[in-house]
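Here is the structure we will look at.
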Amino acid sequence: MAEPTTHSGPLRRAFDAAVAAAHPGAAARPHLPPLPRGRLLVVGAGKAAGVMAAEVERAYPPGSAVAGLVVTRHGQGRSGGEIEVAEAAHPVPDAAGADASERMLALVDDAGPDDHVLVLVSGGGSALLGAPAGLSLDGLREVVEALLRSGADVREMNAVRRRLGLAAGGRLAARAWPAPVTALVVSDVVGDDPADIASGPTVPDPGSDDEALAILDRYAIAAPEARARLRAGAHAPAPAASDPGWARVRTTVVASSRGALDAAAASLRAAGWPAFVLADDVTGEARVAGALHAAVARAVLAGRGAAAPPCAFVSGGETTVTVRGDGRGGRNTEFALGLALALPDGAPVWALAADSDGIDGHGTHAGAFVTPELWRRVSRETARAALERNDSVSVFEAAGDVLVTGPTGTNVNDLRIVLVGRPAPR
């Protein structure tokens, strides 16, 4: 194993500060509803669902009529408590998620006017609320897998998934009638639109079946069963946005990327790096976004940037990966490799690109560090070939620069931290 990365300390501390600032339990507590005359029924889905459910239980007095079911990713659940925490697959839905979604909908179907339905929503919920509407689970899995490989962004993917999910596109909130609904949302999407977070289970669907079909056409996705469902028209429709019943539903975004980025920048300043937030809405192909961040770093080093070295900048958002090979990786390691390949040998630039939930893609890694020493450990030729195979993780494993954190309990999208030049002594 290679020696620890130079400057990995401030990079990792900045990442940890960002994750702590986005802790979903602390963010949700000020927005919890008072106990109703009847039951507080707690449902929800996402990578932060278990942490949020635990916070809900702590917030109310022992013996309160609080019960329910949330679903989170495999390996992120917990035992005990009045709120059941089920586990299911992500990013492709499975039978466990479909079952949990159907049981969740049965719970809210039983809600009365004296009850209150509390919905805990976070990134990953689209897959975890995996009950299909009008097609088989295999048909839903097929279209989701194709979308994930296509390079479609999260808005496009969710425009399709909202039309195909039994709890998506406001259907969960609609099923809770006549009970009031409070939805607390941890945002993992650019723009923080609740319709795009977990496919919007508590807000009206702004899209249409025709829009979803156009997205499948745009990316040449066959998915015959999904297409047949979409051509047949709406299945289990939710109320239109103009329906007065939405007045009983309150949806609030309680945590998002911007607060996490501000916390990362503050951590860097405390470590002696003048730091600024570059953007919280970076999208597009991951390797291209990485190269653009490298261009910012090169401009700073050449004296053509808005800041002078030493300095640091951070960014958030969610890029995409068009999968053409069979390698291992995720959008953060692809971003990191794109950045590294766009820097000259020995450039005094250090970076970390990682997913705030601790899992980048399908692997166990959160992301990767970029250091000036990378090209002493791995050749550029090897790295370029790996990138073409979507095998970015192998490069950083060889260099000893993979970041492994385990699940963080939150999800506010990707975090990218770049250090340029050497810090002044402190």
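Values in this text are rule-based calculations from the coordinates and carry no lab data. Quick caveat, the model's predicted, so the values are computed rather than measured. Virtual Cβ from ideal backbone geometry, glycine too; neighbours counted across all protein chains shown.
For the chain, what is the percent of antiparallel DSSP beta bridges, rounded to the nearest 5?
35 percent
So what are segment 1-129's ellipsoid semi-axes, whole angstrom, largest first, if each one is the square root of 5 times an eigenvalue of the alpha-carbon gyration tensor?
Its equivalent ellipsoid spans semi-axes of 32, 19, 11 Å.
What are the ³J(HN,Hα) couplings of segment 183-196, residue after residue, when phi is run through the Karplus curve with 6.51, -1.76, 1.60 and θ = phi - 60°? Round to Hz, x for glycine and proline.
Values, residue by residue: 10, 10, 10, 9, 7, 10, 10, 5, x, 6, 6, x, 5, 9 Hz.
May I ask you to derive the FRET efficiency for Ala302 and Arg389 from their Cβ-Cβ distance with R0 = 41 Å, giving the value to the nearest 0.05?
Plugging the Cβ-Cβ distance into 1/(1 + (r/R0)^6) gives 0.80.
Could you order peptides 178-190, 107-119 by the average number of other Cβ atoms within 10 Å of their residues, highest first?
Ranking the peptides 178-190, 107-119 by packing returns 178-190, 107-119.
Please compute the Kirkwood hydrodynamic radius over the chain, one decimal place, Å, based on all pairs of different Cα atoms.
Result for the chain stands at 22.0 Å.
In the Gaussian network model of the chain, springs joining C-alpha atoms below 10 Å, which of Pro224, Pro309, Pro93 carries the largest mean-square fluctuation?
Of Pro224, Pro309, Pro93, the most mobile in the Gaussian network model is Pro224.
Arranged by the count of other C-beta atoms within 10 angstrom, fewest first, what order do Leu135, Leu129, Leu166 take?
Fewest to most other Cβ atoms nearby, the residues stand as Leu135, Leu166, Leu129.
Kindly write out, for segment 22-27 in residue order, the coupling ³J(HN,Hα) from the Karplus curve 6.51 cos²θ - 1.76 cosθ + 1.60 (θ = phi - 60°), rounded to whole Hz, with x marking Gly and Pro.
Per-residue couplings from phi come out as 9, 4, x, x, 4, 5 Hz.
Where Lys and Arg each count +1 and Asp and Glu each count -1, what net charge lies around Asn390 among other residues with Cβ under 12 Å from its Cβ?
Local charge sum for Asn390: +1.
If you put +1 on each Lys and Arg Cβ and -1 on each Asp and Glu Cβ, how big is the dipole of segment 225-300 around its Cα centre, in Debye rounded to 20?
Taking the Cα centre of segment 225-300 as origin, the dipole is about 140 debye.
Could you compute how fast segment 82-212 diffuses translationally, taking Rh as the Kirkwood radius over C-alpha pairs and applying Stokes-Einstein at 20 °C with viscosity 1.002 mPa s? Give it in µm² per second.
146 µm²/s
Roughly what would the spin-label model give for Glu145 and Tyr219, points 7 Å off Cα along C-beta, in nm?
Label at Glu145, label at Tyr219, 1.4 nm between them.
Return the single residue from Pro204, Pro372, Pro34 with maximal mean-square fluctuation; model: Gaussian network over the chain, springs between Cα atoms under 10 Å.
Checking each option, the largest mean-square fluctuation is seen for Pro34.
As a check on your grasp of the helix formula, calculate [θ] at 222 nm for the chain: sum -39500 (n - 2.57) over DSSP H runs of n ≥ 4, divide by the residue count, round to the nearest 500.
Calculated from helices alone, the mean residue ellipticity at 222 nm is -11000 deg cm²/dmol.
Return the long-range amide H neighbours of Phe276 (sequence gap of 5 or more, or a different chain), with a cut-off of under 5 Å between placed amide H atoms.
The answer is Ala312, Phe313, Val314.
Net charge around Arg39, counting only other residues with Cβ within less than 10 Å of its Cβ (Lys, Arg = +1; Asp, Glu = -1)?
That works out to -2.
Find, among the trypsin sites (Lys or Arg not before Pro) in segment 285-373, those assigned to loop by DSSP (not H, G, I, E, B) with at most 13 other beta-carbon atoms within 10 angstrom.
Arg304, Arg324
Enter the Cα centre distance for the pair segment 6-50 and segment 346-399, rounded to the nearest angstrom.
Taking the Cα centre of segment 346-399 as reference, the centre of segment 6-50 is 28 Å away.
Hey, what did segment 24-255 get for relative contact order, percent, Cα under 8 Å, at least 6 apart?
Dividing the mean separation by the residue count of segment 24-255 yields 21 percent.
Out of all Cα-Cα pairs in segment 24-255, roughly what percent, to the nearest whole number, are more than 30 Å apart?
Within segment 24-255, distances greater than 30 Å cover 18 percent of Cα pairs.
Just the Cα atoms of segment 129-168: what Rg and Dmax do they give in Å?
9.5, 26
About its Cα centre, what dipole magnitude does the chain give when the only charges are +1 on Lys and Arg Cβ and -1 on Asp and Glu Cβ, stated in debye to the nearest 20?
920 debye
Calculate the length of the line joining the C-alpha centroid of segment 278-292 to that of segment 189-263, in whole Å.
24 Å
Using every pair of alpha-carbon atoms in segment 310-374, split the distances into 10 Å bins beginning at 0 and state the percent of pairs per bin, rounded to integers.
With 10 Å bins starting at 0, P(r) equals 20, 51, 27, 2.
Report, in debye and to the nearest 20, how large the dipole of segment 24-255 comes out about its Cα centre when Lys and Arg carry +1 and Asp and Glu carry -1 on their Cβ.
Computed charge dipole of segment 24-255: roughly 240 debye.
Would you please give the residues with an amide H less than 5 Å from that of Asp281, counting only those at least 5 places away or on a separate chain, with H modeled from the backbone geometry?
Distant-sequence amide H within range of Asp281: Gly316.
Out of Leu135, Ala226, Val43, whose Cα points farthest toward the positive end of the dipole of segment 24-255 (charges: +1 Lys, Arg; -1 Asp, Glu; placed on Cβ)?
Towards the positive end, the residue furthest out is Val43.
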